[in-house]
Amino acid sequence: MGSDISGMSPDVDLLVIGAGPAGLSAGQYGARAGLKTLVLEKTAPGGQALLIDRLENYPGWGAGGEALSGFDFIQNLQTQMADFGASLLNEEAVAIKKDGSLFRVTLAGGAEKTAAAVILATGALRRTLGVPGEARYTGRGVSYCATCDGPFFRRKKVFVIGGGDAACDEAWFLARLASKVVVVHRRDRFRAQRALAERVLCHPAIEVRFNTILREIKGDDDAVSSVVLERLPVTPTESEPLVYEDDGAAVFIFAGTEPQSGLAPDAAKDEAGYLRTGARMETSLPGLFAAGDLRAGAFRQVVTACADGAAAAHYAAAWIDAQRGAAYGAPA
Ligand code: NAP
């Protein structure tokens, strides 16, 4: 490990924050590039990938029905990263400060880690809708994870809200368990990839209600029993929205994600708060890189998160080399 221009040695060369597919891949590539690399994770490694029942679209894996679960995939990534020599620390980063050419990262307990470069791979969290009943019944019929909670609703009718990849993927998963899945989407078409959307539209146990909005979730003290839906007028004969109540035991909400970009308040972001980066994954702050779901414009797949992490670590290593070369006065 080298020292910076002021002669100060950081604790590590590369600090990665977040241990989902992007962060674990960055850790692996950082260590392979010869950098002393530390990955911080505030909860369990894996992030949203842990919610994947079958990772069937990772190129080169899963042919012939041999797809891994998200959990097993993350275990493999973690082992591989450790084999290459990167460390994982179960700590939450709460602030990042640039001090000369060093980054100072404050941990939740008040301790500090210094690094020559930082990769943010903190991902994105599921968005809530804020409709009446949503907060009250969360964990009692309202869920944001079909793999986790679907088995509680075997042979029951359930609702899925949303029209993106997650809604279509999870509706298809739930159709294996539930007696009926009703997908409620506010627009007249899915946003999801065609392959996922078609699988939902063709499934005999899934009914899709387009142009429909969830207005309320109702139930008794312990459980969801119905939803209030509003069908928007779309044909000339429908002049008024139709508001109606429909029975069901659970509501699975997949209304998109919120970027976890709060550690970089000064870095450039898009209008939704995702971090803007160049092709080398660098943010607008020199030495601060971003990878995975919190990057603006990302396709947001496991495979692209891994690729982002690898690229971010590669360019972070080049950036550190350039800084140190300048510090030691590389021959012209
Ligand atoms: P998303 O693509 O942003 O889709 C969110 C969906 O929720 C949209 O259909 C949106 O409607 C709807 N929505 C948003 N706010 C709403 C509201 N207030 N009320 C009702 N509906 C609302 O998010 P995602 O499906 O969670 O996916 C996130 C990322 O992960 C994406 O990049 C996706 O590709 C990726 N992903 C990939 C896979 C896979 O490849 N198998 C699986 C899961 C996720 P509009 O369409 O009208 O905007």
Cβ-Cβ under 9 Å pairs, at least 6 apart or on other chains, segment 54-69 side in contact (Cβ under 8 Å) with a residue 12 or more places away in the chain and within 14 Å of the ligand (Cβ to nearest atom), far side of a type in the set (Gly, Ala, Ser) and assigned to a helix (DSSP H, G or I): 54/65; 54/70; 55/49; 55/70; 57/195
Pick from segment 205-221 the residues that are part of a loop (DSSP other than H, G, I, E, B), at negative phi and in contact (Cβ under 8 Å) with a residue 24 or more places away in the chain: which of them is nearest to the ligand (Cβ to nearest atom)? 210
Give all pairs with beta carbons closer than 8 Å in which a residue from segment 120-136 that is over 30 Å from residue 27 (Cα atoms) and β-branched (Val, Ile, Thr) meets a residue that is at pLDDT 95 or above and part of a helix (DSSP H, G or I); count only pairs at least 6 apart in sequence or on separate chains. 128/134; 128/135
Would you pick out the residues in segment 144-165 that are of a type in the set (Gly, Ala, Ser) and at pLDDT below 95? 146, 150
In this structure, does residue 249 turn out to be touching a helix residue (DSSP H, G or I) at 6+ places or on another chain (Cβ under 7 Å), at pLDDT 95 or above and away from the ligand (no atom under 16 Å from the Cβ)? yes
Considering only segment 35-49, state which residues are in a strand (DSSP E or B) and either within 16 Å of the ligand (Cβ to nearest atom) or touching a Cys at 6+ places or on another chain (Cβ under 7 Å) (or both). none
Is there a residue in segment 200-222 that is surrounded by 15 or more Cβ atoms within 10 Å (Cβ to Cβ), of a type in the set (Ser, Thr, Tyr) and touching a Phe, Trp or Tyr at 6+ places or on another chain (Cβ under 9 Å)? no
Residue identified as over 29 Å from residue 32 (Cα atoms) and touching a residue at least 40 places away in the same chain (Cβ under 8 Å) among 287, 256, 309, 292: 256
When the residues of segment 252-276 are narrowed to those that are within 11 Å of the ligand (Cβ to nearest atom) and of a type in the set (Ser, Thr, Tyr), which ends up modelled with the highest pLDDT? 274
Subset of segment 30-61 that is within 20 Å of residue 93 (Cβ to Cβ) and of a type in the set (D, E, K, R) - its residue that is surrounded by the fewest Cβ atoms within 10 Å (Cβ to Cβ): 42
How many of the residues in segment 180-199 are within 24 Å of residue 53 (Cβ to Cβ), surrounded by fewer than 17 Cβ atoms within 10 Å (Cβ to Cβ) and touching a strand residue (DSSP E or B) at 6+ places or on another chain (Cβ under 6 Å)? 1
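If the requirement is being hydrophobic (A, V, I, L, M, F, W, C), within 26 Å of residue 33 (Cβ to Cβ) and surrounded by 16 or more Cβ atoms within 10 Å (Cβ to Cβ), which of these qualifies: 68, 88? Even if it seems obvious, please write down each step before you answer.
On the way: 68 fails: within 26 Å of residue 33 (Cβ to Cβ).
Unique residue meeting the criteria: 88.
Give the residue that is nearest to the chain's Cα centre (by Cα), with candidates limited to residues of segment 91-105 that are surrounded by fewer than 16 Cβ atoms within 10 Å (Cβ to Cβ) and farther than 30 Å from residue 254 by Cβ. Steps first, answer last, please.
Initial filter on segment 91-105 (surrounded by fewer than 16 Cβ atoms within 10 Å (Cβ to Cβ)): 92, 94-95, 97-100.
Still in the running and farther than 30 Å from residue 254 by Cβ: 95, 97-100.
On the way: 95: 20, 97: 24, 98: 26, 99: 30, 100: 32 Å.
Among those that are surrounded by fewer than 16 Cβ atoms within 10 Å (Cβ to Cβ) and farther than 30 Å from residue 254 by Cβ, it is 95.
Which fully enclosed strands (runs of 3 or more DSSP E) of segment 222-323 have 2 or more residues being under 17 Å from residue 117 (Cα atoms)?
On the way: elements: 224-231, 242-247, 250-253, 257-259, 288-290.
Correct list: 288-290.
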Starting from segment 180-201, keep only residues that are farther than 9 Å from residue 168 by Cα, then list their pairs with residues that are more than 9 Å from the ligand (Cβ to nearest atom) and charged (D, E, K, R) whose Cβ atoms are within a distance under 6 Å, requiring at least 6 positions of separation or different chains. 180/157; 182/207; 184/209
Check whether at least one residue in segment 325-332 is among the hydrophobic types (A, V, I, L, M, F, W, C), within 13 Å of the ligand (Cβ to nearest atom), in a loop (DSSP other than H, G, I, E, B) and modelled with pLDDT under 95, and report yes or no. no
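Could you list, in sequence order, all residues of segment 281-301 that are of a type outside the set (D, E, K, R) and at pLDDT below 95?
Scanning segment 281-301 gives 297, 298, 299, 301.
The values are calculated or read from the model by the stated rules, or taken from the named source; none is laboratory data. In this text the structure is predicted, and so the values were computed from the model without any measurement. Don't worry about glycine lacking a Cβ; one is built from the backbone with ideal geometry, like all the others, and counts go over all protein chains shown.
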